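Shown next, in structure tokens, is the structure this report addresses.
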Amino acid sequence: MNYLVLTPDGVGSTYLQRALTVYLNSSGLEYYNTHELLNGLALDEDNNLHKVRKGRIAEEKLIVGYSQSLEEIVKLIKRNEGNLVSRIAQYHVEDRLAGKWPYWINSLSEKGNRDLAERNKNEDYTEFYDTCRNNYDKIFYCTRDPFEYALSWSIRIITGKLNVYSIKERIETHGENVTYDDIDLDFMTTKLDQYERYIYWVKDNFKDAVEIKYDDMYTNIDSVLSNITELDYKMLNTWGTSLQDYNTLLYKMSMIYNPALDYSDKLIEYQKILVKQNKLFHSGMPIKMTTLQDKSKRVSNFVSCLETYNKWAKGSNEYSELSKEQILDKIQKEEQIYL
């Protein structure tokens with residue numbers, strides 16, 4: 001059983017796919033989380049597909065960013081013999097087709113980047129999408145309230161952090177003393193437009209994908225994972241805590257913990273083992289970065305952000321405007337979990 005998560009990024013997909021990977025492996029199964037399919041994959045000696053980390057050598061070729069062609073990616077997926085949890089972020093599709101290159105890549109020459117970018121601009125995604133539909137038994141697409149999605153992305157641009165993976169990192173990036181500059185309202189609008197394109201992209205290419213809502217992930221992740229996998233397994237029985245309680249605890253601890261102290265626990269150490277085994281990418285499960293209350297207190301032009309969203313929503317047939325009362329209601333519901 002292979003699982004594929006679709007996302008525009010910024011809607012909880014990193015947390016979902018990594019929590020799912022931890023959950024499945026913890027239950028006694030063996031799963032590999034490839035993370036993003038479109039920016040670097042490799043097979044191990046047993047044909048288990050996994051993520052290539054920046055700077056690693058695989059098959060005598062440096063594989064990072066968008067240097068792999070869609071044809072190469074399709075062949076790797078078809079050769080895979082392991083159980084997979086994977087992701088496709090729609091913005092990677094757009095960037096490849098636009099000839100863009102990931103901002104974190106600097107290991108290829110500028111000329112090499114241009115040559116590969118030109119190739120990527122002319123690629124046909126038909127076979128890639130067919131391969132994903134045929135090789136992933138369950139496909140899910142993550143959704144979130146577009147206002148919170150665009151607002152979160154606007155904060156990401158200021159902090160330079162897509163996710164945080166430790167209590168120390170969360171305190172440094174989003175601690176009580178951290179404030180954000182005025183949100184770039186034009187950028188926020190571009191993210192709202194991108195979210196709308198993402199939804200159409202899902203409907204056009206993965207019509208049978210099942211929706212996973214951001215709010216459900218962050219209010220009862222254990223129930224979401226149980227429903228996705230149909231497994232009668234509880235993290236509580238192995239680790240003495242549910243994933244929901246664990247995620248909430250780390251967020252609360254970041255409010256009082258001394259960042260000068262290193263924090264670890266058995267579940268963190270377990271994730272490190274999965275990372276070493278190439279079953280989990282990077283640093284394991286991310287920690288919740290900010291609540292809506294955090295954002296409303298620290299974004300100086302929060303009201304203007306809401307007005308920008310409402311102007312956008314008014315011109316859309318798909319999304320409703322938000323009142324200040326609805327924002328307060330969202331804050332109060334979230335506070336019941338995280339405060």
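Side notes on the structure shown:
- Single match in 283, 300, 254, 264 (criterion: farther than 25 Å from residue 165 by Cβ and of a type in the set (S, T, N, Q)): 300
- Any hit, the range 130-151, residues being polar (S, T, N, Q) and over 18 Å from residue 88 (Cβ atoms): no
- Leading residue by the ranking (farthest from residue 310 (Cα to Cα)) among those in the range 140-172 that are in contact with a helix residue (DSSP H, G or I) (Cβ under 7 Å, 6 or more places away or on another chain) and of a type in the set (Lys, Arg): 161
- Inside the range 5-33, residues that are within 12 Å of the chain's Cα centre (by Cα) and either closer than 10 Å to residue 88 by Cα or among the acidic types (Asp, Glu) (or both) make up a count of 6.
- Among the residues of the range 319-339, the ones that are in a loop (DSSP other than H, G, I, E, B), more than 18 Å from residue 143 (Cα to Cα) and either at pLDDT 95 or above or touching a Gly at 6+ places or on another chain (Cβ under 8 Å) (or both) come to 1 in all.
- The number of residues in the range 1-46 that are in a loop (DSSP other than H, G, I, E, B) and not hydrophobic (A, V, I, L, M, F, W, C) comes to 13.
- Single unsatisfied condition, residue 88 versus (1) surrounded by fewer than 23 Cβ atoms within 10 Å (Cβ to Cβ); (2) modelled with pLDDT of 95 or more; (3) not hydroxyl-bearing (Ser, Thr, Tyr): (1)
- Filter result (exposed (fewer than 15 other Cβ atoms within 10 Å of the Cβ) and under 26 Å from the mean Cα position of the chain (by Cα)) within the range 302-325: 316, 318, 320
- Residue match in the range 141-149 (condition: in contact with a strand residue (DSSP E or B) (Cβ under 8 Å, 6 or more places away or on another chain), in a helix (DSSP H, G or I) and modelled with pLDDT of 90 or more): no
- Single condition residue 64 does not satisfy, out of (1) modelled with pLDDT of 95 or more; (2) surrounded by 15 or more Cβ atoms within 10 Å (Cβ to Cβ); (3) closer than 27 Å to residue 19 by Cα: (1)
The values are calculated or read from the model by the stated rules, or taken from the named source; none is laboratory data. Quick caveat, the model's predicted, so the values are computed rather than measured. Reconstructed Cβ throughout: ideal geometry from the backbone, glycine too, with neighbour counts over all protein chains shown.
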